[in-house]
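The values are calculated or read from the model by the stated rules, or taken from the named source; none is laboratory data. Note that the coordinates shown come from a computational prediction; the quantities given were computed from them, not determined experimentally. All Cβ positions, even for glycine, are placed from backbone atoms using ideal geometry, and neighbour counts span all protein chains on display.
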Amino acid sequence: MVRPVDGLDRRQFLTRLLAAAAAGGLAACASDGDSGSGAGNGSGGTGSTAGGPPEELLASGLATSPFTLGVSSGDPLPDSVILWTRLAVDPLAADGAGGLTDDHSVRWEISADDTFETLVASGDVAATAALGHSVHVDVRGLQAGTRYHYRFRVGEHTSPVGRTGTAPADGAAVDELRFALASCQNVEVAYYAAHRSIAESDLDLVLFVGDYIYEGAGDPDALRTVPGGKCITLADYRNRYAFYHQDDDLLAARASCPWIVTWDDHEVENNYADLDSQAGASADDFAEQRFAAYQAYYEHQPIRLDPPESADWPIHRSARWGQLVDFFVLDGRQYRDDQPCGSPLDAVVSRTECDIEAAGADMLGAEQEQWLTDGLRAATATWKVLAQQTVMSALILGDIVLNVDQWDGYPQARRRLLEHIAANDIGDVVVLTGDIHTAGCGVLRTDGAESVAEPVAVEFVCTSISSNGLATAVGLDPNTLDPAIFGLTYAELIHRGYCRCTITPERWSTEFLIVEDATDPDSDVTVAATVVAEQGTPALTVV
């Protein structure tokens, strides 16, 4: 039996409200290298290109392969990419250590092809117990805009082979970029046919914008029950990631191309805001929990950052793809104010009874917001992309704000950002979003009366990889909701899936892919719609 995910009570209520609205019940408002360095875990690579591993690797003492959690790469630069793995011989060991106690030396190898007959670069790096035996290798001296293969070795054990690539040179003209936009992959409620499709799609990148794991206690009636209770400790979070990494389709997607990742709420706790726990934990206790969650996140992602040393860990960062795209990867959780008006998140909010404007809640925090606005103003690539968590488009019906956890609960912050884009004449801004388990897209306008509001950007929202959608729990007919109620160009409420984006200097094309039956790991994955934005005009067209 497929059961709702955490927080779906609110979504069920909202879905009923949307159904009523659709029926008329509510009025709408509104270069070849030979060296590398270990990143994060402080252990440098040797830069060796010798044919075989040193003797100490052969004497690792590991009777079984430690590469049970797969391989991945991420955060590519023109001359570098991060290679990741985490060693575990017993992935779900109760102490979260993966069945290992000692530190281990890991050989990494990168090649121009999957035969590894000629290595481009290789080296040795320590997998330490302190960081869950995770490995982050910052491989330098690579050729820009080039694809590579990589693998890891410990003793006689060799990891699966991953495929990666570097970004084009910063000033390079780029004809095309193809990437997937994905989020929200509750392992308990559905399989990962969407990840199988991503792995098969020959992409340059994957952008994952949050809810990589779900932290709640295991549901005995779930399709795949996660072990244990709600995640609180480092061991809890490590084992939750390890359980997710038992899925072959997820591992294939992670190994297929570089990933650029950010988090949303479920990597720590549903709907958390800064150090405000929605479960009632004290600030001190929640800070300890958040530190554990952040460390586990680092230990399982191919991210170009040093590991966290406390509950404060800046993750927002930028990336560039030649002259084609400037990416701004945002954190909409760690610095936000609590959701306004003290309203419970299982209920909608009346704008009459709750003056959200007066609350003046901050979404990004002053420092991150300044970093973003400065970066947008200085950006020179054709497309400027905000990879972020929650829906920026206004989803408001009359007096009703459907979800104050989205940017609708933070209208002043949204207005500042959109007016900054307009005032500085920053063109071709695209916002990429997850969270809501529903697919859609629309044009973002500066606030004000609809007749005078200025279109300044477009937003694409991917549905979930597996997490239950708005309509699933109540059987909503997808034909009963007209996306125009919210000023949207397209919406799809029923299916799981992801977005596949193809970008050229002249055109942005987003395919909305849907999984026919998310409870079937072999389900067909097809294109439900394609929506296009032309360079120079903040408008969308379904083609």
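Brief remarks follow.
- Test: residue in region 233-254 that is assigned to a loop (DSSP other than H, G, I, E, B), hydrophobic (A, V, I, L, M, F, W, C) and at negative phi: no
- In region 506-543, residue farthest from Leu324 (Cα to Cα) [restricted to those that are among the charged types (D, E, K, R), more than 22 Å from the chain's Cα centre (by Cα) and assigned to a strand (DSSP E or B)]: Glu534
- Residue check for Ala27: closer than 30 Å to Gly487 by Cα, modelled with pLDDT under 95, of a type outside the set (Val, Ile, Thr) and in a helix (DSSP H, G or I): no
- Among the residues of region 394-432, those identified as modelled with pLDDT of 95 or more, part of a loop (DSSP other than H, G, I, E, B) and of a type in the set (D, E, K, R) are Asp425, Asp428.
- Of the residues Arg317, Arg304, Arg290, the single one that is more than 30 Å from Gly145 (Cβ to Cβ), of a type outside the set (A, V, I, L, M, F, W, C) and crowded, with 17+ Cβ neighbours inside 10 Å is Arg290.
- Test: residue in region 486-505 that is modelled with pLDDT of 95 or more and in a loop (DSSP other than H, G, I, E, B): yes
- Lone unmet requirement of (1) among the β-branched types (Val, Ile, Thr); (2) under 19 Å from Ser73 (Cα atoms); (3) out of contact with any Pro (no Cβ under 9 Å at 6 or more places or on another chain) for Val261: (3)
- The listed residues are Val452, Val391, and the only one of them that is assigned to a loop (DSSP other than H, G, I, E, B), β-branched (Val, Ile, Thr) and at pLDDT below 95 turns out to be Val452.
- Residue within region 254-275 that is at pLDDT 95 or above, among the charged types (D, E, K, R) and more than 16 Å from the chain's Cα centre (by Cα) present: yes
- Positions within region 498-543 being surrounded by 15 or more Cβ atoms within 10 Å (Cβ to Cβ), aliphatic (A, V, I, L, M) and closer than 20 Å to Tyr192 by Cα, in sequence order: Leu513, Ile514, Val515, Ala518, Val525, Ala528
- Here is the figure for region 392-411: residues that are touching a Lys or Arg at 6+ places or on another chain (Cβ under 7 Å) and either surrounded by fewer than 21 Cβ atoms within 10 Å (Cβ to Cβ) or among the small types (Gly, Ala, Ser) (or both) total 1.
- Out of Gly218, Gly210, Gly171, sole residue that is outside the structural domain of Ser73 (by TED's automatic domain parsing) and under 24 Å from Tyr498 (Cα atoms): Gly210
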